[in-house]
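Just so it is clear, none of the values below were taken in a lab; they were calculated from the coordinates. This is a predicted model, so every value here is computed, not measured. Glycine also receives a Cβ, built like all others from the backbone with ideal geometry; neighbour counts cover every protein chain displayed.
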Amino acid sequence: MSRTPLDTVEHAAETPDVELPWAELGLKKDEYEKVVEILGRRPTGAELAMYSVMWSEHCSYKSSKVHLRQFGEKAPQSDALLVGIGENAGVVDVGQGYAVTFKVESHNHPSYVEPYQGAATGVGGIVRDIIAMGARPVAVVDPLRFGAADHPDTKRVLPGVVAGIGGYGNCLGLPNIGGEVVFDACYQGNPLVNAGAIGVMRHEDIHLAKASGTGNKVILYGARTGGDGIGGASILASETFDDAKPSKRPAVQVGDPFQEKLLIECTLEAFKEKLVVGIQDLGAAGLSCATSELASNGSGGMTVTLDDVPLRDSTLSPEEILMSESQERMCAVVEPSKVDRFLEICDKWDVIATVIGEVTDGDRLEIFWHGGKIVDVDPRTVAHDGPVYERPYARPSWQDALQADDANKLARPGTSEELKSQVLALVSSPNQASKKWITSQYDHFVQGNTVLAQPEDSGMIRIDEETGLGVAIATDGNGRYAKLDPYAGAQLALSEAYRNVATTGAKPLAVSDCLNFGSPEDPAVMWQFAEAIRGLADACQQLGTPVTGGNVSLYNQTGDVAIHPTPVVAVLGVIDDVARRTPVAFQEEGQLLYLLGETREEFGGSAWSQVVHDHLGGLPPKVDLERERLLAEILISASRDGMIDSAHDLSDGGLIQAVVESALLGEKGARLIVPDGLDAFTFLFSESAGRAVVAIPRSEELRFNDMCGARGLPVTRIGVVDGESVEIQGEFALSLEELREAHEGTIPALLA
Amino acid sequence: MTARIGVVTFPGSLDDRDTQRAIRLAGAEPVALWHKDKNLHQVDAVVLPGGFSYGDYLRAGAISRFSPVMETVIEQAKSGLPVLGICNGFQILTEAHLLPGAMLGNNHLHFICRDQKLRVENADTAWTSDYVSGQEIHIPLKNMDGRYVADEHTLDELEAEGRVVFRYLARGGATNEPGNPNGSLRDIAGITNAAGNVVGLMPHPEHAVEALVGSGRTDGLPFFTSILKKLVNA
């Protein structure tokens with residue numbers, strides 16, 4: 001076996017004509033030529049590996065960047081934002097000296113290939129982003145989307161994903177407090193596994209990913225580096241530089257939550273002692289990303305000796321070490337005088353920690369291997385100066401026909417009996433059915449601060465035991481609405497998450513998003529993407545909730561068929577005293593039910609049109625952001641002043657879905673009267689936005705009505721909490737038992 | 001005066017801080033104990049909290065049982081130190097042979113998290129004296145390996161000696177959830193040693209100590225007031 005000499009910078013300069021496998025690594029010809037131009041020579045194998053992975057769509061946002069800029073350009077003035085887009089996660093001021101960081105990310109593709117590990121490492125990755133900001137993670141949420149509930153492959157993917165999220169998050173000690181589970185045939189082959197996390201810190205504890213201070217040490221700590229998650233780099237390593245090595249390595253990473261739990265505790269202890277100048281987690285693109293980002297965000301350069309990286313597999317090549325996505329690793333920049341103490345803390349937690357380099361006064365990132373210099377680059381060119389594409393986009397030719405296929409014209413139930421059977425069909429349909437079988441596999445008690453968890457409208461965590469200060473988070477997205485109108489669909493996702501936070505009594509403050517779309521190379525998909533971002537940015541501006549960060553996941557498509565455009569929006573809110581939170585469940589018989597907002601004939605993209613007619617067409621519900629804001633103000637005031645005892649937002653499935661959920665959770669029925677001016681069908685199934693249903697103690701009725709009247713919010717008394725059934729007067733009654741069987745039986749029957 | 005109650009943190013312990021909070025809310029003084037430290041720092045009682053110590057690798061509790069702190073806990077438990085093992089702590093106690101039997105994977109093979117109805121079968125232990133025998137309570141349950149098993153002889157002996165402390169009960173009412181959440185033999189949720197100073201259970205009383213958070217009930221608080229009264233009155 002013959003070994004080619006080490007491909008050092010010097011060697012690269014001397015051998016300009018060596019052909020490198022840039023295409024196999026996913027670079028386009030002009031991208032490779034740009035690398036050569038930047039360096040003034042051909043890249044070394046290690047440099048090529050770094051550029052190829054950092055310039056990938058996933059790391060560089062090259063197709064989405066031009067659109068994502070709007071989140072910054074249209075960002076509303078907000079005193080709450082402490083750290084905005086661009087860092088590991090955004091940071092929001094929630095008062096009393098506390099700051100909260102939160103973010104949602106996708107782990108879609110790995111979760112389809114290997115559901116358990118894909119989903120598990122998705123949780124691990126987002127949690128490290130939170131720790132890297134200086135915060136203690138306090139909760140996770142998981143918005144999930146799968147193919148049709150009865151498709152055989154869903155039975156492979158979903159249980160694995162759920163077990164992976166639980167297996168990792170439960171073992172980390174993070175309560176899982178929210179998220180969604182949606183089924184739609186469009187996600188067959190492209191399930192969406194989004195993972196969100198929240199962390200809490202004091203203002204002074206915010207940490208950033210930058211390496212500054214000449215002479216400061218770069219410490220790699222956590223798990224050893226292995227051959228997992230290498231993807232493209234192994235092509236480079238095995239085919240070009242050493243033919244004798246096995247080239248097949250797992251492309252999906254394997255998670256070890258126990259290691260990550262130690263990493264959390266050890267990192268927080270180091271933060272507490274103020275030992276850390278800068279910090280970055282190792283996620284996508286591993287050390288390539290961490291070193292180039294730390295160096296480019298700092299004031300100086302950096303040298304790294306790859307030989308010092310602790311390895312799980314001693315045969316790894318330097319390119320593989322740079323690319324490895326082995327989980328549970330972090331990189332810290334520490335002053336020389338504090339290195340010993342830092343290493344001591346790592347040792348206390350049995351975490352391996354190694355000094356692998358230092359910050360220099362130059363402006364280059366230099367990486368050494370076996371004494372040779374294998375990387376010599378300006379780190380900015382790797383981390384930030386990747387290609388930017390203005391991908392062509394065009395409104396698809398079928399959009400008009402889709403919108404013209406009006407759902408309001410679908411056949412409606414003709415009799416009370418038919419109405420009743422459609423209600424049962426709705427509440428037992430996989431999307432509207434109880435997800436208890438899934439959520440009971442997640443720990444929602446750990447840490448002892450969970451005030452609300454799914455199926456509540458938002459998850460809520462107490463962050464101060466003395467004052468009762470808390471934060472709430474809701475994630476929402478409706479791909480069906482977004483397919484009908486991506487601009488409105490994105491705004492409706494924001495409206496719903498915003499409303500859900502307010503329904504529980506918290507004030508919405510900031511937004512994170514996970515934008516799941518098909519291939520950006522398809523102009524129709526690119527149009528959906530551009531429209532969704534424009535819609536979301538406009539709506540965030542109007543509602544005063546800045547986007548603090550998020551994630552884009554493209555190429556969610558099989559062949560020519562893309563998923564529904566699925567912007568998932570997370571809204572973070574704050575509540576001064578969690579004792580004032582409003583739950584979904586009916587609390588007391590005799591309380592009055594009020595419908596807040598206006599109900600119109602809006603069935604485009606509705607759950608009813610899907611369940612009863614398997615139909616998707618027309619226009620989604622009308623967006624009215626000023627109404628959302630007013631509704632939120634009313635819900636927050638009413639909660640603070642003790643006027644309402646339960647509240648539920650109205651969204652997919654409409655009023656009947658909300659009432660059934662509140663009734664089953666509270667184990668109390670309801671008698672409803674169809675209000676004047678509405679027919680029973682529209683009353684029950686319309687999905688008009690900007691609405692909620694609340695239960696009010698009789699003693700508060702007058703005060704509540706006065707408040708709504710004074711502020712101009714339409715309210716309608718629709719009934720009373722009462723009995724053992726949900727009854728629509730003059731139409732039908734369904735016993736709680738019947739409803740429970742329908743609502744809670746579906747998912748276990750499909751998946752257990 | 002109050003009592004000092006130690007809470008051991010193993011690598012991978014998760015409910016250690018929650019347990020310290022529960023002890024504080026009951027009026028006792030929580031003391032953090034570290035798995036590598038044999039010294040119990042003059043605590044009057046010890047709680048082994050829930051979590052996934054050592055990642056549950058090998059077998060839940062199997063590695064922790066050999067940690068330095070456990071040497072002292074095992075020794076002192078045998079001479080009467082009150083010890084409570086919650087979930088992973090219960091698993092550690094069985095691995096340490098302070099309690100008989102073992103925990104296997106749940107019979108449905110899933111992690112399960114829910115508010116669980118229990119019946120207090122023995123209100124005479126160091127940790128349950130603030131309950132009354134036969135009392136029905138709700139305590140959150142969350143685990144992957146919670147199925148209690150022992151040989152028939154041991155089970156008979158536990159029952160004959162009144163050493164079954166908690167049993168799983170069906171919730172009743174509108175929901176049809178089966179009472180036994182994991183296939184535990186004879187619906188056993190928690191047991192005690194013959195002396196009554198060592199108690200282990202799978203459900204998590206530390207998650208039911210405040211009306212506002214967790215399960216929204218305070219049914220778990222008597223664990224901590226029981227031991228406090230015992231220690232203070234001793």
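So here's what we get for this one:
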read-out: Alpha-carbon gyration tensor eigenvalues x 5, square-rooted, for the stretch A:22-153, Å; value: 31, 25, 15
read-out: Positive-end residue of A:LEU27, A:HIS58, A:ALA75, charge dipole of the stretch A:10-93 with Cβ unit charges; value: A:ALA75
read-out: Spatial separation of Cα centroids for the stretch B:9-34 and the stretch A:513-585, in angstrom; value: 40 Å
read-out: Amide proton proximity set for A:ALA433, modelled H, under 5 Å, gap of 5+; value: none
read-out: Residues whose placed amide H lies under 5 Å from that of A:LEU650, excluding near-sequence neighbours; value: A:ARG691, A:ALA692, A:VAL693
read-out: Exceeding the 22 Å Cα-Cα cut-off - candidates A:LYS420/A:LYS483; A:LYS338/B:LYS38; B:LYS38/B:LYS230; A:LYS65/A:LYS261; A:LYS409/A:LYS622; B:LYS117/B:LYS230; value: A:LYS420/A:LYS483; A:LYS338/B:LYS38; B:LYS38/B:LYS230; A:LYS65/A:LYS261; B:LYS117/B:LYS230
read-out: Directionally averaged projected area (convex hull, Cα atoms, the stretch A:42-101), nm²; value: 6.0 nm²
read-out: Rg/Rg_globular for chain B, with Rg_globular taken as 2.2 N^0.38 Å and Rg from C-alpha atoms; value: 0.91
read-out: Part-to-part distance (alpha-carbon centres) for the stretch A:302-358 and the stretch B:134-172, which is given in Å; value: 47 Å
read-out: Cβ-based charge dipole, the protein assembly as shown, positive-most Cα from B:GLY190, A:GLY414, A:ILE356; value: B:GLY190
read-out: Cα-centred dipole magnitude for the stretch A:149-237, charges only on beta-carbon of K, R (+1) and D, E (-1), debye, nearest 20; value: 420 debye
read-out: Which of A:ALA510, B:ILE63, A:ALA290, positive extreme of dipole for the protein assembly as shown (C-beta unit charges); value: B:ILE63
read-out: Using θ = phi - 60° and Karplus 6.51 cos²θ - 1.76 cosθ + 1.60, couplings along the stretch A:191-206 (whole Hz; Gly, Pro as x); value: x, 9, 10, 9, 9, x, 9, 10, x, 10, 8, 7, 3, 6, 8, 4
read-out: Extent along principal axes [Cα atoms of the stretch A:138-187; Å; largest to smallest]; value: 34, 17, 11
read-out: Full-stretch length increase - A:ALA23, A:ARG717 - with 0.36 nm per residue and alpha-carbon distance subtracted; value: 243.3 nm
read-out: Simple Cβ-charge dipole of the protein assembly as shown, Lys/Arg +1 and Asp/Glu -1, about Cα centre, in debye nearest 20; value: 1000 debye
read-out: Average beta carbon contacts from partner chains per residue of B:212-220, 10 Å cutoff; value: 5
read-out: For A:VAL574, residues with placed amide H under 5 Å, excluding near neighbours; value: A:ALA472, A:LYS507, A:LEU509
read-out: Estimated distance in nm for a label pair at B:HIS97 and A:LYS272, the labels positioned 7 Å out from Cα along Cα-to-Cβ; value: 3.7 nm
read-out: Angle between chain A longest axis and helix A:625-640 axis [Cα atoms, degrees, rounded to 10]; value: 80 degrees
read-out: Shielding by partners - mean other protein chain Cβ count within 10 Å, residues of A:167-173; value: 5
read-out: Taking the convex hull of Cα positions in the stretch B:32-142, its mean projected area over all directions (nm²); value: 7.8 nm²
read-out: For the protein assembly as shown, Kirkwood radius (reciprocal of mean inverse C-alpha pair distance, Å); value: 29.4 Å
read-out: Inter-centroid distance (Cα atoms) of the stretch A:684-717 relative to the stretch A:372-424, Å; value: 33 Å
read-out: Label point distance in nm, B:VAL149-A:ALA425, each placed 7 Å from Cα along Cα→Cβ; value: 4.7 nm
read-out: About the Cα centre, charge dipole magnitude for the stretch A:655-752 (Lys/Arg +1, Asp/Glu -1 at Cβ), debye; value: 440 debye
read-out: Overall Cα dimensions of the stretch A:273-429, principal axis frame, Å, largest first; value: 80, 44, 35
